[in-house]
Amino acid sequence: MDWFRIFIKGAALTALLTGCATPLPPRIEAPKLGTPVTADTLIAQTLNVFPDGRGLPSGQGSVAEGARLFARHCAGCHGKDGRGGTAEELTGASRPLDHPAADKTIGSYWPYATTLFDFIRRAKPMGAPGTLSADEVYALSAWLLHANGLIAADTVMDAARLAALRMPNRDGFLRIEAP
Amino acid sequence: MARNPNDHPDQPRVGEGRLDRRGFLKHGATLAAVTTPAVAQATQVGGDLPWLHVPGQPFSGYGQPSPHERYTARRIGANRAVAGNGVSFTPLEDLEGTITPNGLHFERHHNGVPQIDPAQHRLVVHGRVRQPLSFDVKSLLRYPMRSQLLFIECGGNSNAGWHAEPIQRPAGSVHGLVSCAEWTGVPLSILLDEAGVDPGASWVIAEGADAGAMNMSIPLGKMRDDCLIGLYQNGERLRPENGYPMRLIVPGWEGVLHVKWLQRLEVADQPVMSRNETSKYTELLPSGKARQFTFTMGCKSLITTPSHGQTLRQPDVYQISGLAWSGHGRISRVEVSADNGRHWSDAALQSPALPRCFTRFRLPWRWDGKPAVLKSRATDEAGNVQPERAALIAERGRAGYFHYHAIVAWAVEDDGLVSHIY
C-alpha cells in the first residue's frame, strides 16, 4: 500500500501548504478477532432448513408415530386434533384466505413444508425445545401434513419427500421488500 | 399551518375545538397568573416537610426510580400456559422526551428471557462466506463501534386498530410495542468483510440463543448498509430482556428482525422461510394474498397526553404532547387536529429530529369544555403521510394484523374524560 501512504503524505503536505481542510487519516483497519469454525462444528450446530431442503438431516418418521408424539408433546396446547386448544390452530381450516376471518393453518397458509422441520426442531416442544430427534421431527411433520389432508396416512416422511411437497398456498405471498 | 381565512391570529380559538399556537403565546401570561397561587401554597407546606430535617438515604450502586413512580411500569400480556411467551408494553403515556428507559423498553419474547453467561456465548458467521468465524463477547467489545438513537417497533404494534371497535386501554397498552434508545455496537459490515461474503449471497439468516433459537431472514444489502451488532443500550450493556449479551439492530425495520441473544448469522442466497417470516409477520390482504417481507415500519404518530383514561379537570390550556417516528427516515412534520381532522395545525418538533428515531411533538391547546376529538398526523422526509384509519383499511382490509400505523383519535368528552374512538 505504498502508493496509499504516498498519497496521504502528499495530501498532508498540500493541506499544510494551503492551510485548508485537515486530510483524512489513513484508514485504520478493524481488528480481526474471529476464530475459524470447522465444518464439522457448523454441521452439528446449524438449524436452518431452506425451502429446497438444504439443512435437512437424514432420518424418517411415519404419520402414526407422529400422532403418538403429537398427543404426548403438543395436544395439551394445540388440541387433540391440532385445533381447539389455547395455542395456534394448526389444522382444520374452513374459511378461505379471502374470508375476512380467514383460517391460517399449516394446510391453508404455510407456503413451505420445510418450515415445519425448521420450526419444530428448534422450538418445540415449548417446555423443552431442541430435544426431539430428527426422526421424531419428521414424524411430527408427517402427522401435521396428514392432519391437513396433504399426505396419505401411510406416508413415511424424510428429507426428499418434505422438500418435494408443494404446499397449497405456495404462491400466496407478495414479496414486498425482498431483494 | 392550515388556517381558515376567517381566523384572526390574535384570538385563541375558544369554543370551536381548534388550535392556534400563536394565539396561545399571546395569552400565555394568563396561564402564569393562574398558576402562581399554587406555587406559593406549595412553598408554605414545604416548611414542615420531614425530608428537610432528617438525613437522606445513602448512596446506591444502581439507582432506581422514586417509589412514588412505581406505577410507571411495563404492562405485561403473556400466554397463560407459557409465561415467557407474550409481550410487555412501554407505558408511553407516562413518559416524556424521546428516550425509553432501559427498564421500560418493550419486550416481545417467544419463549422467555434466556439467562446467558457471556463467557459461554459466541456469535458465529457462516454459510456463504470464505471463512466461517466465531466471535466471543470480549473480542467484539474491541471492534470499532457506532452509536445511533433508534426506535424499535414490533410489527404487531397497535394491532387492536384492526378491530371493529376502538379498544379502551391506555395509549401505551395498545401502541407501546415501540421504544427508543441509543444503541451502540459493531457495524455488521466489518464482521461480514472479515468472514468474506460470497458474491452470490443475498440474504443473512439471524438466529437467537433463546429457547427456540428464533430465526429471521434479512436482505444482505440492509445488513451491510446500517445494521449493528448491538452491545450497549442507552450507555449500559444490554438488558437480558433486550438481548444480552448482543442483539441485532436493524434501523427502521420491524422489531422481530432485531434478533435478540444473537448467536448465528448464516449468509445465504435465499431466505430460510422460517415460521416467523411466513405464518407470522405476514399480512393477509382481502384478496387472499399476503404481504411478506414488509420490513420498514410506517410513518406514524400518537398523542400521549392527553390520551385514553386521562381527564382534563376544567376548561384551560393543556399541552398536547406526543411521539412520531418513521422507518423511512426523519419526521418532517406533525399536524394536530382538535376537531376530528377538519382543521390541522403544525405542532412544534423537538430538535433534533433524527432519522428512524422518536421525535417528540408538542402543541398548547385551549380546551373550552366542549367535546373535542384530538388527532395527530405525521409526515416523514420521504413524503410518507400517516393515513387515516379508513384509508389504511380500504387498502389492506382488516385481517393483516401487522403494520398498523393509522391516525389515532382521542375523544375528549364534556366531562373531560379522554377515550379512544374511530
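Values quoted throughout were computed directly from the atomic coordinates according to the rules given, and no laboratory measurement underlies them. These numbers were taken from a predicted model, which means no experiment stands behind them. Cβ coordinates were reconstructed from backbone atoms using ideal geometry, including for glycine residues, and neighbour counts include every protein chain displayed.
Semi-axes of the equivalent ellipsoid of the range B:132-190 are 38, 13, 9 Å, computed as sqrt(5λ) over the eigenvalues of the C-alpha gyration tensor in descending order.
With the charge dipole of the protein assembly as shown set up from +1 on Lys and Arg Cβ and -1 on Asp and Glu Cβ about the Cα centre, the Cα lying farthest toward the positive end among the listed residues A:A142, B:I152, A:G84 is that of B:I152. Straight-line cross-link reach from A:K104 at under 24 Å between alpha-carbon atoms covers these lysines, not counting any fewer than eight positions away in the same chain: A:K80, A:K124, B:K280, B:K289. Its Kirkwood hydrodynamic radius, worked out from the mean inverse distance over all distinct Cα pairs, puts the range B:107-291 at 17.2 Å. Look at B:F361, B:F135 and count the other Cβ atoms within 10 Å of each Cβ; fewest to most, that gives B:F135, B:F361. I'd like the distance between the alpha-carbon centres of the range B:352-422 and the range B:251-275, rounded to an integer number of Å. Centre-to-centre (Cα) distance: 30 Å.
Net charge dipole, the range B:143-285: roughly 320 debye, given to the nearest 20, about the Cα centre with Cβ charges of +1 for Lys and Arg and -1 for Asp and Glu.
Cross-link candidates for B:K300: which lysines have Cα within less than 18 Å, leaving aside residues fewer than 8 places away along the same chain? Filter leaves B:K375.
Packing around the peptides B:200-213, B:83-96, A:87-100, taken as the average count of other Cβ atoms within 10 Å per residue, puts them in this order, highest first: B:200-213, B:83-96, A:87-100.
Partner lysines whose Cα lies under 29 Å from the Cα of B:K138, excluding those fewer than 8 positions away in the same chain, are identified as A:K32, B:K222, B:K260.
With contacts taken as Cα pairs under 8 Å at a separation of at least 6 residues, chain B carries a relative contact order of 17 percent.
Helix-only arithmetic for chain B: the sum of -39500 (n - 2.57) across DSSP H runs with n ≥ 4, divided by the residue total, places the mean residue ellipticity at 222 nm at -4000 deg cm²/dmol. The charge dipole of chain B, taken about its Cα centre with unit charges on the Cβ of Lys, Arg, Asp and Glu (plus for the first two, minus for the last two), comes to roughly 360 debye.
So for B:V334, B:V113, B:V267, fewest C-beta neighbours within 10 Å to most, what's the order?
Ranked by crowding around the Cβ, least crowded first: B:V113, B:V267, B:V334.
Dividing the Cα radius of gyration of the range A:48-164 by 2.2 N^0.38 Å, with N the residue count, gives 1.00. At q = 0.06 Å⁻¹ the log10 of I(q)/I(0) for chain B amounts to -0.29, computed by Debye summation with a single uniform scatterer per C-alpha, solvent ignored. In terms of surrounding Cβ atoms within a 10 Å radius of their Cβ, B:W162, B:W51 rank from fewest to most as B:W51, B:W162.
Projecting the Cα positions of B:P286, B:W367, B:V408 onto the charge dipole of chain B (unit charges on Cβ atoms of Lys, Arg, Asp and Glu, taken about the Cα centre) puts B:P286 furthest along the positive direction. Once you reduce the range B:110-180 and the range B:65-105 to the center of their Cα atoms, the two points are 16 Å from each other. Using the alpha-carbon atoms, what tilt in degrees (0 to 90, nearest 10) does helix B:28-46 show relative to the longest principal axis of chain B? Approximately 80 degrees, to the nearest ten. Which value in Å is the Kirkwood Rh of the protein assembly as shown over different Cα pairs? For the protein assembly as shown, inverting the mean 1/r across all distinct Cα pairs yields 26.9 Å. The range A:107-127 to the range B:280-323: how many Å between their Cα centroids? What the calculation gives is 32 Å, centre to centre.
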